[in-house]
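S.K.: A single structure is presented below for examination.
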Protein chains: 2
Amino acid sequence: MNKPVEENNVTWFNGYLTREDREKLHGHQGVVIWFTGLSASGKSTIARHLEKKLYNLGCSTYVFDGDNVRHGLCGDLGFSPDDREENIRRIGEMVNLYVDAGIIAIAAFISPYRKDRESIRELLGKDRFMEIYIECPVDVCEARDQKGIYEKARAGIIKEFTGISAPYESPDTPDLIIRSYKEDATAAAQRVLDLMEERQIIKSPAVIKPPLVIRPV
Amino acid sequence: MNKPVEENNVTWFNGYLTREDREKLHGHQGVVIWFTGLSASGKSTIARHLEKKLYNLGCSTYVFDGDNVRHGLCGDLGFSPDDREENIRRIGEMVNLYVDAGIIAIAAFISPYRKDRESIRELLGKDRFMEIYIECPVDVCEARDQKGIYEKARAGIIKEFTGISAPYESPDTPDLIIRSYKEDATAAAQRVLDLMEERQIIKSPAVIKPPLVIRPV
């Protein structure tokens with residue numbers, strides 16, 4: 001979708017600081033933890049639990065979800081296949097900059113298309129992208145839904161609703177599967193954290209930050 | 001531009017952590033330092049000097065500029081008035097989330113239209129947005145330009161070029177004016193830093209971080 005550099009009339013500026021510098025400051029890697037799954041499958045809830053656990057370890061982290069991004073950055077987009085693709089593309093580019101900023105970006109989006117999620121993995125590189133599949137049968141999501149959106153989707157009031165009138169493509173090889181219909185949100189978040197430690201994104205048993213050096217500026 | 005919430009089929013999720021929590025972790029406020037000015041006026045250079053000074057104080061910060069954003073998030077946009085407006089709108093929404101993440105976002109964009117910059121000030125609130133005007137006569141920018149883009153603009157090869165064939169609207173009441181044609185980039189960055197200390201965005205003489213509490217998760 002991007003134009004070649006020559007056409008765009010822009011060039012990369014080589015900054016003074018690198019991602020490694022910022023990771024050193026934060027005491028952990030910059031990565032994206034990407035939750036995918038149906039609406040009301042528990043993505044945002046698990047993401048918030050993970051955020052809290054990471055915060056308690058002193059990690060710099062932020063949660064993005066369909067709701068806060070759909071109001072702002074992607075407020076001009078709807079739910080057609082093209083708009084969903086552009087929605088995920090923009091989010092991918094945004095979280096890519098968070099990774100460069102040395103932050104743990106937690107993304108909780110339905111992100112129904114396999115190819116869109118794969119584009120983000122390619123953009124970020126496989127070491128910077130963890131795909132977590134929140135598996136939950138649609139009837140469980142529907143029973144759990146407090147916003148009444150499944151009801152509206154069944155009634156045809158909401159069009160192109162994932163799982164009802166629009167497709168969801170589950171990941172072939174996610175980094176982790178969480179079966180949220182039988183797994184507690186806190187325990188699920190802990191499993192993500194364990195995997196992050198195992199992969200040395202954060203240090204175990206706690207994040208060891210380098211001493212803060214106050215140098216004259 | 002955003003659709004009403006009802007149409008969008010999205011609602012706000014009340015997260016567990018607040019901006020205040022994240023500011024406490026980082027030891028400073030989440031804000032946007034917004035540099036505006038002509039191409040080659042020195043925005044990115046001063047921004048990078050500021051970034052380094054902030055980093056040395058232990059602040060969590062990140063620089064966005066026309067170049068790195070134009071390759072990614074706004075790679076689909078050109079330089080027409082509408083595209084420039086959408087470019088700045090998306091950047092505004094993105095940096096708004098950085099502020100919420102408790103980070104010092106440094107933005108260095110030509111951002112030629114007053115109303116677009118004002119929209120961002122409104123979105124963020126005046127206490128979270130500092131507008132820094134990099135004042136530099138177009139002939140100085142042109143003489144300084146190493147990319148040869150002014151030459152191309154003069155020759156009509158690049159269309160809609162700010163200062164040559166597209167307008168630049170200088171700020172009426174910027175938070176700070178830097179006259180980059182007679183002021184050193186490091187000294188300019190220091191003046192921004194001084195203003196940030198004066199406004200208690202960061203603490204003087206150095207950022208005092210709270211002790212890192214490692215709690216069991």
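S.K.: Expressed as an acute angle from 0 to 90° and rounded to the nearest 10, what is the orientation of the C-alpha long axis of helix A:114-124 relative to the principal long axis of chain A?
M.R.: For helix A:114-124, the angle is close to 10 degrees.
S.K.: If you don't mind, another one. Which of A:126/B:152; A:24/B:24; B:43/B:126; A:24/B:152; A:203/B:126; A:159/B:159 have a Cα-Cα distance over 30 Å?
M.R.: Pairs exceeding 30 Å: A:126/B:152; A:24/B:152; A:203/B:126; A:159/B:159.
S.K.: Quickly rank A:151-159, B:117-125, B:64-72 as a protection proxy: mean count of other C-beta atoms within 10 Å, highest first. Show your work: numbers first, answer last.
M.R.: Details: A:151-159: 13.9, B:117-125: 16.8, B:64-72: 20.2.
So the peptides A:151-159, B:117-125, B:64-72, ranked by packing, come out B:64-72, B:117-125, A:151-159.
S.K.: To continue, here is another question. Report the Cα centroid-to-centroid distance between segment A:107-151 and segment B:83-126 in angstrom, as an integer.
M.R.: 28 Å
S.K.: Other chains' Cβ within 10 Å of B:65-71 residues: what's the mean?
M.R.: Details: counts 4, 4, 7, 8, 4, 7, 8.
That works out to 6 on average.
S.K.: Any chance you could give the angle, 0 to 90 degrees and rounded to 10, that helix B:81-100 forms with the longest Cα principal axis of chain B?
M.R.: 20 degrees
S.K.: Around residue B:179, what is the net charge, scoring Lys/Arg as +1 and Asp/Glu as -1 over all other residues with Cβ under 12 Å from its Cβ?
M.R.: Value of the local net charge: -1.
S.K.: Add +1 for every Lys or Arg and -1 for every Asp or Glu among the other residues with Cβ under 11 Å from the Cβ of residue B:170, and state the total. Please list the in-between numbers first.
M.R.: On the way: positive: B:114, B:117; negative: B:131, B:135, B:169, B:172.
Local net charge: -2.
S.K.: Calculate how steeply helix B:185-198 sits against the longest principal axis of the alpha-carbon atoms of chain B, using the helix alpha-carbon long axis, and give the answer as 0 to 90 degrees to the nearest 10.
M.R.: 40 degrees
S.K.: Could you tell me the relative contact order of chain B? Use alpha-carbon pairs under 8 Å, at least six residues apart, and round to a whole percent.
M.R.: 32 percent
S.K.: List the distances, in nm to one decimal, from the label point of residue A:145 to the label points of the same position in every other copy, shortest first, placing each label point 7 Å from Cα along the Cα-to-Cβ direction.
M.R.: 5.4
S.K.: Also, I was wondering about something else. Quick check on the exposure proxy: order A:36, B:173, B:18 from fewest to most C-beta atoms within 10 angstrom.
M.R.: Fewest-to-most Cβ neighbours within 10 Å comes out as B:173, B:18, A:36.
S.K.: Within a Cβ distance under 14 Å of residue A:33, other residues only, what is the Lys/Arg minus Asp/Glu net charge?
M.R.: +2
S.K.: A further question follows. What gaps in nm, shortest first, separate residue B:119 from its twins in the other copies when you place the label 7 Å past Cα toward the beta carbon?
M.R.: List, nearest first: 2.3 nm.
S.K.: Going highest first, how would you order A:98-109, A:192-203 by mean Cβ packing within 10 Å?
M.R.: Ranking, from highest mean packing down: A:98-109, A:192-203.
S.K.: Counting partner chain Cβ atoms within 10 Å of every residue's Cβ in A:77-87, what's the average?
M.R.: Per-residue shielding by partner chains comes out at 1.
S.K.: Could you list B:60, B:44 in order of exposure, starting from the residue whose Cβ has the fewest other Cβ atoms within 10 Å? Could the numbers behind the result be given before it?
M.R.: Details: B:60 27, B:44 24.
Ordered by Cβ neighbours within 10 Å, fewest first: B:44, B:60.
S.K.: Another question about this same structure. With a ≥ b ≥ c the root eigenvalues of the C-alpha gyration tensor of chain B, is it rounded (a/c under 1.5), prolate (a/b larger than b/c) or oblate?
M.R.: Since a/c reaches 1.5 but b/c is at least a/b, the shape of chain B is classed as oblate.
S.K.: Taking each residue of B:99-106 in turn, how many C-beta atoms of other protein chains fall within 10 Å of its C-beta, and what is the average?
M.R.: Mean partner-chain Cβ count within 10 Å for B:99-106: 3.
S.K.: While we're on this one: 7 Å along Cα→Cβ for the label point: how many nanometres lie between residue A:160 and each equivalent label in the other copies, listed shortest first?
M.R.: Distances between equivalent label points, in nm: 2.5.
S.K.: To the nearest 500 deg cm²/dmol, what mean residue ellipticity at 222 nm is calculated for chain B from DSSP H runs of n ≥ 4 alone, each contributing -39,500 (n - 2.57), summed and divided by the residues?
M.R.: Values: 9 runs with 90 residues, N = 217.
For chain B, the value works out to -12000 deg cm²/dmol.
Every read-out reported here was derived from the displayed coordinates using simple, explicitly stated rules and does not represent laboratory data. In this text, all values refer to a predicted model and were calculated from it rather than measured experimentally. As a convention, Cβ positions derive from the backbone with ideal geometry for all residues, glycine included, and neighbour counts pool all protein chains shown.
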